[in-house]
Amino acid sequence: MDQIISALIFPCLLVILFARITYNRYVALLLMVILIAASAKLGYTSSYWLIIVDAFSMTIGFILATYMLRRLKKSGIEF
């Protein structure tokens with residue numbers, strides 16, 4: 001149960017964090033996909049449902065990062 005809750009929250013937050021650090025939502029998504037693939041390869045992901053939940057959470061994070069970066073660009077912050 002705690003794996004599913006973590007899969008719902010952490011990928012979304014990490015995509016937003018990586019987008020804020022790199023100022024590029026595509027790089028942030030790529031970094032998150034690499035992290036999920038590495039965890040699946042090492043055996044930390046026990047089922048396909050967790051991968052699906054991770055993908056859903058990454059999608060939500062990508063959408064939120066898009067809004068965040070648009071708002072930053074609109075406010076005139078140079079990056």
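The values are calculated or read from the model by the stated rules, or taken from the named source; none is laboratory data. Worth saying up front: this structure is predicted, and the values here are computed from it rather than measured. No Cβ is skipped: glycine too gets one built from the backbone with ideal geometry, and neighbour counts run over all protein chains shown. Just the protein is used for accessible areas: all its heavy atoms, side chains included, with ligands, DNA and RNA removed. Shrake-Rupley method; radii C 1.70, N 1.55, O 1.52, S 1.80 Å.
Among the residues of the stretch 41-53, at least one is open to solvent by less than 100 Å² (accessible area, probe 1.4 Å), over 20 Å from PHE18 (Cα atoms) and of a type in the set (A, V, I, L, M). What residue, of PHE18, PHE10, is open to solvent by 90 Å² or more (accessible area, probe 1.4 Å) and assigned to a helix (DSSP H, G or I)? Of PHE18, PHE10, the one residue that is open to solvent by 90 Å² or more (accessible area, probe 1.4 Å) and assigned to a helix (DSSP H, G or I) is PHE10. The residues of the stretch 10-51 that are among the charged types (D, E, K, R) and either in contact with a Lys or Arg (Cβ under 7 Å, 6 or more places away or on another chain) or within 16 Å of ILE63 (Cβ to Cβ) (or both), listed by number, are ARG20, ARG25.
Scanning the stretch 1-25 for residues that are hydroxyl-bearing (Ser, Thr, Tyr) and farther than 21 Å from SER46 by Cβ gives THR22, TYR23.
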